[in-house]
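Structure record follows, encoded as structure tokens.
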Amino acid sequence: MIEFAIRNPLIVNLLLALVLLAGVQSWYAMPREMFPTVEQDKVNIRTLFEGASPEEVERQVTLPIEQEIDGLADIEVISSTSNEGNSSILVELHSGADMDDFLRKAQNALDQVDDLPEEAEEPELSRLETRFPVISVSLYGEIARGRLYQIAEQIKDELIEIPGVASVGVAGDREWELWVVADPQRLAARGVALAELARALRQNLRDLPGGTLKSETGDIRLRGIGVAPDPQQMAALVLRSNEAGGQLRLGDLAQVELRLEEVQTLGRFNGQPSVNLTINKTSEGSTIEVARLVREFVAQRQPQLPVGVHLGLFSDLSVYVKTRLDTVKSSGLVGLTLVLLALYLMLNFRIAFITALGIPVSFLVAVILLHYLDYSINMVSLFAFLIALGLIVDDAIIVNENIYRHLEMGKSPAVAARIGTKEVFWPVVASTTTTIAAFMPMFAVGGTMGAFIAVIPVVVTASLAGSMLEAFGVLPSHAKEWLTRARERRQGRIDWAALNQRYTRLLRWSLDYRYPVAMLSIGILALTIAFAATRIPFLLFGHVDVGQFFINVETPSTYSIEETSRLAARLEREIYATLDEDELDTLLTNVGVMFIDFHRVRFGSRYIQLIVDLKKQRPRGFIERWIAPAVSLKFAWEGSRERSSPEVIDQLRKRLAGIPGIRRMSVLRPQGGPAGADIEIGVVGSEVAVLREQAEQIRSFIEWLPGSSDVRQDMDPGKLEYRYALNERGRRLGLTQQQLADAVRTGFLGLKVLHVSWNDKRIPVRLIYPDALRHDAAALERLPITLEDGHTVYLGDVAQIEQARGFNSINRRDLQRLATITAEVDSEITTPNKVIAQVKAEFTALPEGYKLIFLGEKKKAEESIAGMKRALVIALAVIFFILAALFKSLLDPLVVMFAIPFGFIGVVVGHQLFGFHLQFLSLIGFLALTGIVVNDSLILIDFAKRLRRKGWERKAALVEAGRVRIRPILLTTITTFLGISPLIFFATGQTAFLAPMAVSLGFGLLFATGLILLTLPCFYLIADDLRGAMGRDASS
């Protein structure tokens, strides 16, 4: 390859141009997103059971389904929530399970569940995806909600036609229904039961097939046409007739009317009634492009709307995507500039230029691979490119520096290119392979977190592979051609001779006192590890400034949807009074529904969720103020908000906390990765009363701890219930509990008799009692029940009725009931781990049969750390294997790898300097550090071993290796550090959550390099002493 590159520069340049063109095309073809789309190993089973209490849903729906699917293979956890009117079961699979196979088996299992209530709908089975909506559109105005719903349906049909849009969800809308409102007194007077009305409707409203008439002219289809779904025609439907010609019509007993279904949820946008549409993109669509097309649609559609009706935008993800991508790209541009400047100062212009040419080549090789594998450009992939920025020049630096060294020795450019490249071929291959080995085990991190970071090793591996190909296939050709013309010998601006003189003097001293130096370095490492374990808390993700947050409010369970709506309006007024126009962008209010996460939704009249979109914060850091606007070609600052989102949230918490009617309130803000609440603790057991008591004790305890906020538990008493059971008289009359339940359900909830076609839609026909009766608690006892003989009795005469409290919802985990306590923490005061430890210490003795389980960030952190431990062990094993193959020794690889833990000293120092907690991303940075540290160690030890094979004395060989290799070691260290330095020193706002990874990598490398240059030769000499003591060949 090297000889071919030197002899065929034209072919090399043509191939290079081809790679550049393919890479640029791939870059512009890739979609842009905030985070990677993660297909989770989770399955959701949702079943609707209208009107049923949480207890009924649990007993009649959730339990049968759980028991049926529990025996399936690959299941890790089954968790469920039984709400009023619906059951949601989440099945988490083991990492790597065959999802298609499991879905097929799960569907077969659901088909075997044959004892679900007739009123329950068929269970819906779906795979769970972490997919963020691109943008949301709100249709709002002070007009009748029915008219808003009609317009929203039209808007939805138009939005779905936009290229890149996969689906449009509508929230806050209501479906049309045909109501047959039966008068119970008239039914009783005529001796007509509700079941007779239902039967008549089913028999007369359906179009029924009659087969085919075989005629001489051909087949003729036969159809029986039912009564049209029109209120007047339905009212004329004959129920009974006699010989005298008398007829009993439906209109004599009931009123037929077209109505919207009863209010379950309400939406408001900026204080006005609204229907909200959420736009999801296809997997191939670009967040930025889809959002742009939606904004254009809204601008064009607005003039066509009726007076007083408006379209508004909120939760525009493209704004955050563009901001973050611009900031990360800006950081990359600054890092690249600093790398080029360092190369220019340390070498010279032409060699710096040849070295830097490998950067776009390496990146575009990675881009081509990402495009082929259907990855997107997002925050994680861009940060992977930032990590790679400092790494990909390492190969070129080592090769170029060695070519430069031979030029300094007086050789011609062609000879210098050939000899200098071949001389470092295997060390470069080994160092690149060890760096790749350090990143590849990230694939071993399973679950959602593993999928979230999977793009990092893909980017780094592809970039390093491209860098190595460029270093051996392109660089020698350019060095020969350009240095031939340049004949440039001028060194850089740094006096390497003086630096070498000081370094070699210090290195000789270290080698003379190698045992004290080694013990001192080991002691510092031990103290650092002890300090980190006891004094630096661990978090999964840190909090950063966000542009959106959620205010979740629960009212007393007795509140109706109207009372909750009035409280929501009060909260809106307080928010408008607290935030000025430079801070608040939009305010969306949901009444009757609360979205918890991707798969958990709570319904009920007691819930309020306010979604606050803030305006962009005024740029604060150097990158955001000066570089990002230039990169995005805006050349102007964006953002008017001065206060950070935590400051805004703290003020709102205080202002809203004392408002009457709020039973519980929490403020949630999205985090910098796929994580949920800071603290999530579960109590598992069987009896609801005991679970509620334990959960409330834990909630009160956590609420008392400093730094905790938004503490809640989910076992509060639910709505007031009227419970009825058949009494002795009812049994004597031959009634059953099912007949009572059917009568009550039909009268108060309404019986969906059938579905009919109306205006190109399928709408239900609902048989129900009048509103006045259904809204009167005393009317329950007077509910008429028609017996088989036509006589009428009343519910209060045949049933015992009593009041009780039910549940808002019933949660289960692995077939046991579960109470959950959640909380957020202020990381400046405490951490989730500290709070968990205090809870463990306080609640050591739970009642028999009950136990604590730890979910949320605690569980995710444990899983992440376990995954990283596996990844680190694999990385170290692979690196050891590569080094052992290169050195043909088992001891020398251990010496080289001994530098890895010393990088942890820099990790801890860096986190302390910047005031960071150790985070998951800090561990990712340290994992990436292992390969880079090994590279520097390998360059030094490999050269020393070469000299010893030539007959050099061991100390002299180490000193000479240090003198010759200090320049490439410092160059690779400085360029790597400078490449990520913008994220270390200037990360603010949207990119701040990436800073811990950059600090781990940057400061770990700085400290490890210093120790490599001074202490690694000492450890090598000590290992050599051991070989000598064991009588082995010390020169090998």
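Report yes if Leu913 is part of a helix (DSSP H, G or I), crowded, with 20+ Cβ neighbours inside 10 Å and touching a Phe, Trp or Tyr at 6+ places or on another chain (Cβ under 9 Å), otherwise no.
When the stated conditions are applied, Leu913 does not pass them.
Scan segment 66-104 residue by residue and report those that are surrounded by 14 or more Cβ atoms within 10 Å (Cβ to Cβ) and of a type in the set (D, E, K, R).
Glu66, Glu68, Asp74, Glu76, Glu84, Glu92 - these are the residues of segment 66-104 that are surrounded by 14 or more Cβ atoms within 10 Å (Cβ to Cβ) and of a type in the set (D, E, K, R).
Restricting to segment 916-935, name every residue that is outside any helix (DSSP H, G or I) and of a type in the set (S, T, N, Q).
The answer is Gln919, and nothing else.
Looking only at residues in segment 308-333 that are among the hydrophobic types (A, V, I, L, M, F, W, C) and at pLDDT below 75, which one is nearest to Gly1002 (Cα to Cα)?
Applying the filter and picking the extreme gives Val328.
Go through segment 771-791 residue by residue and tally those that are surrounded by fewer than 17 Cβ atoms within 10 Å (Cβ to Cβ) and not in a helix (DSSP H, G or I).
Selection size over segment 771-791: 9.
Can you tell me how many residues in segment 726-747 are touching a residue at least 60 places away in the same chain (Cβ under 8 Å) and in a helix (DSSP H, G or I)?
The total comes to 7.
Consider segment 715-753. How many of its residues are surrounded by fewer than 17 Cβ atoms within 10 Å (Cβ to Cβ) and closer than 26 Å to Ala695 by Cα?
3
Would you mention how many residues in segment 1014-1030 are without any contact (Cβ under 8 Å) to a residue 24 or more places away in the chain and either of a type in the set (Ser, Thr, Tyr) or assigned to a helix (DSSP H, G or I) (or both)?
Final tally of qualifying residues: 3.
For segment 581-598, does any single residue satisfy the condition of being surrounded by fewer than 19 Cβ atoms within 10 Å (Cβ to Cβ), assigned to a helix (DSSP H, G or I), of a type in the set (A, V, I, L, M, F, W, C) and out of contact with any Asp or Glu (no Cβ under 7 Å at 6 or more places or on another chain)?
no
Report yes if some residue within segment 259-271 is at pLDDT 85 or above and farther than 30 Å from Tyr559 by Cα; otherwise report no.
no
Being at negative phi, in a helix (DSSP H, G or I), modelled with pLDDT of 85 or more and not assigned by TED's automatic domain parsing to the domain that holds Glu92 is true for just one of Val24, Val57. Which residue is that?
None of the other options fit; the residue is Val24.
At least 3 residues that are of a type in the set (D, E, K, R) in each: list the strands (runs of 3 or more DSSP E) lying fully within segment 196-280 that qualify.
218-224
If we scan segment 103-117, do we find a residue that is assigned by TED's automatic domain parsing to the domain that holds Thr62, in contact (Cβ under 8 Å) with a residue 60 or more places away in the chain, under 13 Å from Arg59 (Cα atoms) and not β-branched (Val, Ile, Thr)?
Checked segment 103-117: at least one residue is assigned by TED's automatic domain parsing to the domain that holds Thr62, in contact (Cβ under 8 Å) with a residue 60 or more places away in the chain, under 13 Å from Arg59 (Cα atoms) and not β-branched (Val, Ile, Thr).
Pick from segment 484-532 the residues that are small (Gly, Ala, Ser) and modelled with pLDDT under 90: which of them is surrounded by the most Cβ atoms within 10 Å (Cβ to Cβ)?
The residue in question is Gly492.
Search segment 374-385 for residues that are within 16 Å of Thr323 (Cα to Cα) and pair each with any residue that is β-branched (Val, Ile, Thr) when their beta-carbon atoms are under 6 Å apart and the residues are at least 6 apart or on different chains.
Val380/Val455; Ser381/Val455; Ser381/Val459; Leu382/Val328
Go through Ser477, Ser467 for me and flag whichever is of a type in the set (S, T, N, Q), assigned by TED's automatic domain parsing to the domain that holds Pro9 and modelled with pLDDT of 85 or more.
Going through Ser477, Ser467 in turn, the sole match is Ser467.
Hey, can you tell me all the residues within segment 245-290 that are within 29 Å of Val591 (Cα to Cα), of a type outside the set (Val, Ile, Thr) and touching a Ser or Thr at 6+ places or on another chain (Cβ under 7 Å)?
Listed by number, the residues that qualify are Leu266, Gly267, Arg268, Phe269, Asn270, Ser274, Asn276, Leu277, Asn280, Lys281.
Any idea which residue in segment 683-714 is nearest to Gln816 (Cα to Cα), counting only those that are surrounded by fewer than 17 Cβ atoms within 10 Å (Cβ to Cβ) and of a type in the set (D, E, K, R)?
So, considering only residues that are surrounded by fewer than 17 Cβ atoms within 10 Å (Cβ to Cβ) and of a type in the set (D, E, K, R), the one nearest to Gln816 (Cα to Cα) is Glu687.
Looking only at segment 533-551, which residues are surrounded by 13 or more Cβ atoms within 10 Å (Cβ to Cβ) and either hydrophobic (A, V, I, L, M, F, W, C) or at pLDDT 90 or above (or both)?
Ile536, Phe538, Leu539, Leu540, Phe541, Val544, Val546, Phe549, Phe550, Ile551
Would you confirm, using the coordinates I've provided, whether Glu296 is free of Cβ contacts under 8 Å to residues at least 24 places away in the same chain and of a type in the set (Asp, Glu)?
yes
Does Arg405 fit the bill of being among the basic types (Lys, Arg), assigned to a helix (DSSP H, G or I), modelled with pLDDT of 85 or more and more than 45 Å from the chain's Cα centre (by Cα)?
no
The values are calculated or read from the model by the stated rules, or taken from the named source; none is laboratory data. Just so it is clear, the model here is predicted, and its values are computed rather than measured. Neighbour counts are summed over all protein chains in view; Cβ atoms, including those assigned to glycine, are modelled from backbone coordinates with ideal geometry.
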